[in-house]
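Read the structure below first, then the notes.
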Protein chains: 2
Amino acid sequence: MVEEQELLDFKTLMQQGDETQLRQFCINTQPVIIADYVADIPREEIWYLLRHATPENRAEVFSHLSPDVQLDLVEILSRYELISLFTHMSPDDRADLYKQLPEERGESILPALAQAEREDIRRLTAYEEGTAGAVMTSDYATIPPHLSASQAIEHLRTIAPDKETIYYAYVVDERRRLMGFVSLKDLILAPRGRLITDILQPEMVYARVDEDQEKAARKIQKFDLLALPVIDHNDSLVGIITHDDAIDVITQEQTEDIEKLMAIAGRHEAGAYMRTSAWGHFRNRAGWVAGLAVLGLVSGFIVQSFEGFLMQFAILAAFMPMLADTGGNTGSQSASLVIRALALGEIKPRDAMRVVLKEVNVGIYLGILLAVLAFGRVMLMGGGSTIPEGVMLVNIATAIATALGLQVITATLIGAMLPLVVARFNRDPAVIASPALTTIVDISGLLIYFYTARYLLSV
Amino acid sequence: MVEEQELLDFKTLMQQGDETQLRQFCINTQPVIIADYVADIPREEIWYLLRHATPENRAEVFSHLSPDVQLDLVEILSRYELISLFTHMSPDDRADLYKQLPEERGESILPALAQAEREDIRRLTAYEEGTAGAVMTSDYATIPPHLSASQAIEHLRTIAPDKETIYYAYVVDERRRLMGFVSLKDLILAPRGRLITDILQPEMVYARVDEDQEKAARKIQKFDLLALPVIDHNDSLVGIITHDDAIDVITQEQTEDIEKLMAIAGRHEAGAYMRTSAWGHFRNRAGWVAGLAVLGLVSGFIVQSFEGFLMQFAILAAFMPMLADTGGNTGSQSASLVIRALALGEIKPRDAMRVVLKEVNVGIYLGILLAVLAFGRVMLMGGGSTIPEGVMLVNIATAIATALGLQVITATLIGAMLPLVVARFNRDPAVIASPALTTIVDISGLLIYFYTARYLLSV
């Protein structure tokens with residue numbers, strides 16, 4: 001996201017090493033922009049630059065760096081510097097870093113932190129990756145229900161410097177159970193003496209700590225919220241997810257969906273392409289590709305078992321690639337539409353019948369179109385092939401067209417049904433990767449192809 | 001998103017038609033939830049229910065309905081009801097609806113609106129779909145630079161009821177040129193008498209009206225903003241994009257990317273799966289599928305021109321499906337990784353050489369792995385096939401393994417390079433759909449396969 005010229009200017013600045021200018025640069029540049037600048041320079045230089053920033057800004061730049069860079073930097077840092085970093089980072093970023101630290105390193109700094117911070121880290125790191133609990137922060141504002149509007153504003157003013165957002169304040173009872181929330185806009189608009197109990201919005205949207213992070217993020221999107229409260233099993237408020245973390249979760253889940261769709265394993269983390277080594281990429285992709293190649297054995301067996309037939313009708317071999325591609329394409333199309341609609345909550349597994357009916361319908365239209373195309377194709381270019389005596393080209397064209405039509409209908413149906421079946425068993429439908437589907441419909445396609453051809457050509 | 005039981009309760013409520021209860025239901029239920037409830041019921045019933053809501057709530061429920069339902073409803077509405085709806089909708093939703101209205105309907109209501117509203121509609125509908133100008137709203141708060149902090153808070157309190165957000169206030173000069181912004185948090189924390197000019201943050205992130213909507217939304221994500229100001233060609237502030245619209249833009253662009261990746265045309269609108277008819281789905285998918293089937297002619301020609309060779313080595317036909325699938329899989333994997341990294345701004349077209357080198361590396365690893373697998377496979381299961389006299393199975397295995405290895409390397413490289421080339425010409429790299437890629441690497445794969453085999457088997 002950084003322009004080339006600016007990057008050059010920055011590198012010159014670093015080479016000159018003018019302390020005053022570096023300090024000025026750290027003050028005048030937004031932390032996220034500094035993080036962009038330093039992404040590619042040697043780790044030692046990053047820390048050299050950050051020494052010129054205030055502890056707060058340093059912690060913020062650090063939070064914007066990728067996890068790999070963070071871990072590399074931690075190795076360079078002295079224990080004292082690491083403790084200062086931990087003290088100034090926001091609770092959620094700090095907890096994320098702590099989870100990544102080598103165990104002894106983490107334990108070595110814990111005793112140096114304040115009791116409250118230690119407990120905060122312990123609480124925020126307790127939840128499984130991918131849950132609402134793991135993305136929430138503990139930097140939220142609460143207000144007691146008996147305050148007046150003007151007292152509440154005064155209260156928020158006092159705690160504002162430490163809180164990620166004061167635009168939403170959560171009203172909790174003495175056991176921290178969520179009673180509702182007020183927005184700062186409501187407080188400002190309310191008569192000064194009006195009690196919080198009379199202003200608060202009691203109908204609340206919230207997430208449970210163990211809820212899926214994407215589900216929580218989608219609530220923020222649906223209800224246009226700035227933040228979503230997260231409650232534990234005692235209905236006590238334990239954190240909030242902010243709107244900016246929700247966007248990041250949605251982007252991350254999206255990358256994950258695309259990668260799953262293309263059968264790529266791995267950590268699915270944003271911005272990881274360049275940082276992952278070629279060997280890492282290989283490992284992420286090899287499993288599926290090799291597995292599918294093995295599954296492809298079945299296709300090989302089918303072709304082999306029809307070898308005699310194929311020798312007789314060599315023209316059938318010329319249409320095998322089109323059969324395989326078209327089946328894969330139509331199957332993948334309906335699978336990705338269904339997976340996306342499931343992910344956005346637009347359809348549910350219980351809508352299966354309606355989806356299947358719709359896809360059969362689409363499949364029939366597509367099947368007819370492609371059968372007509374294939375028929376024309378065989379009639380036009382089939383003349384060059386060897387055809388057994390007594391068989392007419394039009395018969396072969398009919399057989400290939402029929403097989404292709406059936407293949408398209410079957411592939412569309414399989415593509416739509418597999419994600420629905422997976423979703424019904426409460427698994428992520430995106431595991432129906434497009435390459436896996438391609439291999440599956442290849443098998444069904446070859447069976448349809450050879451049996452139809454053999455039947456219609458009455459061999 | 002609605003639970004079955006709640007939906008049943010709602011339908012019972014509608015059947016009973018108790019006016020008081022319906023009015024109560026409209027008051028107690030969040031507009032977005034009402035929109036969920038009514039999504040599937042007949043249009044007349046939707047409007048019957050909404051008559052029981054306040055004009056403000058009615059307009060908000062209406063905004064949450066899908067464009068199709070909105071247009072259907074508009075046909076039922078009287079001119080008077082439509083004008084009331086327009087008056088109460090938020091500026092951006094209103095402009096979106098206006099753009100969809102049949103021309104005479106839109107013109108018929110314009111004269112009944114206030115001058116300011118008419119101009120607002122005209123301004124907001126002036127920008128092309130997909131630009132920052134087309135998603136922005138005009139409901140933002142501005143403050144003059146000479147106010148004090150407490151005067152500014154008072155000012156915001158006065159205008160708050162009409163504004164989508166008062167948490168960011170934009171400071172503009174007399175020509176509406178953007179000087180900076182203050183957050184309500186900054187105002188609350190500042191000493192009461194401090195002047196806005198001393199508090200405002202002058203280093204601003206903004207979007208131009210004609211900037212791509214996704215680029216604008218990504219700025220909100222990157223800088224963790226609540227809203228992004230949009231300026232025109234005179235540097236004047238003309239609107240803002242809010243954080244919730246940014247999430248919607250990102251979700252919409254993601255759906256678009258997945259659909260493009262699977263070669264599905266159409267409007268790519270969120271939540272459109274069930275609403276699109278089977279015929280509509282057919283039209284969205286048929287073009288690409290048919291086009292690719294025609295492109296597949298080339299594969300057919302290649303196979304046909306090697307027909308004699310294939311008759312001699314029938315075993316080669318058995319490995320054609322695996323060759324096609326594996327090439328398609330590895331090519332699609334690298335294409336989707338590169339497309340995603342480009343979309344997230346992680347790599348730029350100028351990084352092409354580094355990406356290509358990395359992918360060649362990955363391709364070599366994958367190629368070796370799959371060549372070994374193929375070799376083993378031919379040795380194990382090749383025995384059943386007819387082999388010309390004088391040719392040993394191990395020679396055939398070597399030929400097939402070599403061809404497959406070369407195919408994987410080529411496909412990985414093509415998959416990585418095509419999106420980069422497209423991006424270099426400033427087009428959306430997502431047009432390199434996975435099905436298109438599959439068809440292209442099929443052609444390269446068959447050529448590699450037959451030439452390698454013929455060369456190594458020295459026919």
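Residue B:134 fulfils the conditions (1) more than 23 Å from the chain's Cα centre (by Cα); (2) surrounded by 16 or more Cβ atoms within 10 Å (Cβ to Cβ); (3) within 29 Å of residue B:184 (Cα to Cα) except for a single criterion, (1). With the condition kept exactly as written, say whether any residue in the stretch A:378-387 is over 23 Å from residue B:292 (Cα atoms), in contact (Cβ under 8 Å) with a residue 24 or more places away in the chain and of a type in the set (Ser, Thr, Tyr). So far as the stretch A:378-387 goes, yes, one or more of its residues are over 23 Å from residue B:292 (Cα atoms), in contact (Cβ under 8 Å) with a residue 24 or more places away in the chain and of a type in the set (Ser, Thr, Tyr). When A:301, A:309 are checked against the criterion of being in the same structural domain as residue A:370 (by TED's automatic domain parsing), touching a Lys or Arg at 6+ places or on another chain (Cβ under 7 Å), hydrophobic (A, V, I, L, M, F, W, C) and part of a helix (DSSP H, G or I), a single residue qualifies: A:309.
For residue B:404, the requirement of being touching a Phe, Trp or Tyr at 6+ places or on another chain (Cβ under 7 Å), crowded, with 24+ Cβ neighbours inside 10 Å, under 22 Å from residue A:328 (Cβ atoms) and in contact (Cβ under 8 Å) with a residue 24 or more places away in the chain is not met. Would you mind stating whether residue A:162 is within 24 Å of residue B:31 (Cβ to Cβ) and either in the same structural domain as residue A:56 (by TED's automatic domain parsing) or without any contact (Cβ under 8 Å) to a residue 24 or more places away in the chain (or both)? No.
Against the test of being away from chain B (no Cβ under 14 Å), under 21 Å from residue A:275 (Cβ atoms) and either exposed (fewer than 13 other Cβ atoms within 10 Å of the Cβ) or of a type in the set (Val, Ile, Thr) (or both), the options A:41, A:34 yield a single qualifying residue, A:41.
All of A:114, A:126 fail the test of being farther than 25 Å from residue A:219 by Cα and surrounded by fewer than 17 Cβ atoms within 10 Å (Cβ to Cβ), apart from A:114. Among the residues examined, residue B:84 does not qualify as among the polar types (S, T, N, Q), assigned by TED's automatic domain parsing to the domain that holds residue B:111, under 23 Å from residue A:345 (Cβ atoms) and modelled with pLDDT of 90 or more.
Of the numbered criteria (1) touching a Phe, Trp or Tyr at 6+ places or on another chain (Cβ under 7 Å); (2) modelled with pLDDT under 85; (3) of a type outside the set (D, E, K, R); (4) under 30 Å from residue B:367 (Cα atoms), the one residue A:280 fails is (1). In summary, residue A:426 fulfils each of the numbered conditions (1) without any contact (Cβ under 8 Å) to a residue 12 or more places away in the chain; (2) part of a helix (DSSP H, G or I) with the single exception of condition (2).
Output the residues belonging to the stretch A:189-203 that are aliphatic (A, V, I, L, M) and surrounded by fewer than 18 Cβ atoms within 10 Å (Cβ to Cβ). Those that are aliphatic (A, V, I, L, M) and surrounded by fewer than 18 Cβ atoms within 10 Å (Cβ to Cβ): A:189, A:195.
Considering only the stretch B:148-164, I want to know if a residue exists there that is closer than 19 Å to residue B:227 by Cα, surrounded by fewer than 17 Cβ atoms within 10 Å (Cβ to Cβ) and acidic (Asp, Glu). Yes, because at least one residue in the stretch B:148-164 is closer than 19 Å to residue B:227 by Cα, surrounded by fewer than 17 Cβ atoms within 10 Å (Cβ to Cβ) and acidic (Asp, Glu).
For (1) modelled with pLDDT of 80 or more; (2) surrounded by 20 or more Cβ atoms within 10 Å (Cβ to Cβ); (3) in the same structural domain as residue A:214 (by TED's automatic domain parsing); (4) in a helix (DSSP H, G or I), each residue gets a yes or a no:
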{"site": "A:269", "(1), (2), (3), (4)": "no, no, no, no"}
{"site": "A:287", "(1), (2), (3), (4)": "yes, no, no, yes"}
{"site": "A:327", "(1), (2), (3), (4)": "yes, yes, no, yes"}
{"site": "A:335", "(1), (2), (3), (4)": "yes, yes, no, yes"}
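Among the residues of the stretch B:232-249, those that are aliphatic (A, V, I, L, M) and under 27 Å from residue A:223 (Cα atoms) comprise B:238, B:240, B:241, B:246, B:247, B:249. In contact (Cβ under 8 Å) with a residue 40 or more places away in the chain, under 30 Å from residue B:285 (Cα atoms) and touching a Gly at 6+ places or on another chain (Cβ under 7 Å) - does that describe any residue in the stretch B:445-457? Checking the stretch B:445-457: at least one residue is in contact (Cβ under 8 Å) with a residue 40 or more places away in the chain, under 30 Å from residue B:285 (Cα atoms) and touching a Gly at 6+ places or on another chain (Cβ under 7 Å).
For the subset of the stretch B:415-452 comprising residues that are surrounded by fewer than 24 Cβ atoms within 10 Å (Cβ to Cβ), more than 21 Å from the chain's Cα centre (by Cα) and within 14 Å of another protein chain (Cβ to nearest Cβ), which member is nearest to residue B:319 (Cα to Cα)? For the stretch B:415-452, the residue satisfying everything is B:450. Only one of the numbered conditions (1) part of a helix (DSSP H, G or I); (2) within 9 Å of another protein chain (Cβ to nearest Cβ); (3) surrounded by fewer than 22 Cβ atoms within 10 Å (Cβ to Cβ) is violated by residue B:398, and that is (2). Only one of the numbered conditions (1) within 14 Å of chain A (Cβ to nearest Cβ); (2) under 19 Å from residue B:164 (Cβ atoms); (3) touching a residue at least 12 places away in the same chain (Cβ under 8 Å) is not met by residue B:55, and that is (1).
Scanning the stretch B:75-98 for residues that are surrounded by fewer than 19 Cβ atoms within 10 Å (Cβ to Cβ) and aliphatic (A, V, I, L, M) yields B:76, B:77, B:83. Filtering the stretch B:346-358 for residues that are more than 8 Å from every other protein chain (Cβ to nearest Cβ), over 19 Å from residue A:298 (Cα atoms), crowded, with 24+ Cβ neighbours inside 10 Å and touching a residue at least 24 places away in the same chain (Cβ under 8 Å) leaves an empty set.
Among the residues of the stretch A:312-325, those identified as in a helix (DSSP H, G or I) and within 8 Å of chain B (Cβ to nearest Cβ) are A:315, A:317, A:318, A:320, A:321, A:322, A:324, A:325. Regarding the stretch A:226-237, can at least one residue be identified that is buried (at least 16 other Cβ atoms within 10 Å of the Cβ), facing chain B (nearest Cβ under 9 Å) and free of Cβ contacts under 8 Å to residues at least 40 places away in the same chain? So far as the stretch A:226-237 goes, no, none of its residues is buried (at least 16 other Cβ atoms within 10 Å of the Cβ), facing chain B (nearest Cβ under 9 Å) and free of Cβ contacts under 8 Å to residues at least 40 places away in the same chain. Residues that are in a helix (DSSP H, G or I) and either out of contact with any Phe, Trp or Tyr (no Cβ under 8 Å at 6 or more places or on another chain) or loosely packed, with under 15 Cβ neighbours inside 10 Å (or both) within the stretch B:378-395 comprise B:379, B:380, B:382, B:383, B:384, B:393, B:394, B:395, listed in sequence order.
Applying the set (1) free of Cβ contacts under 8 Å to residues at least 12 places away in the same chain; (2) part of a helix (DSSP H, G or I); (3) touching a helix residue (DSSP H, G or I) at 6+ places or on another chain (Cβ under 7 Å) to residue A:187 leaves exactly one unmet item: (1). Is there a residue in the stretch B:348-368 that is of a type in the set (Phe, Trp, Tyr), within 25 Å of residue A:443 (Cβ to Cβ), modelled with pLDDT of 85 or more and assigned to a helix (DSSP H, G or I)? No, that holds for no residue. Give the residues of the stretch A:49-70 that are buried (at least 16 other Cβ atoms within 10 Å of the Cβ) and farther than 20 Å from residue A:137 by Cβ, sorted by residue number. Scanning the stretch A:49-70 gives A:49, A:50, A:52, A:53, A:69.
The values are calculated or read from the model by the stated rules, or taken from the named source; none is laboratory data. Computed from a predicted model, the values in this text were never measured in an experiment. Glycine gets a Cβ as well: all are built from the backbone with ideal geometry, and neighbour counts include every protein chain shown.
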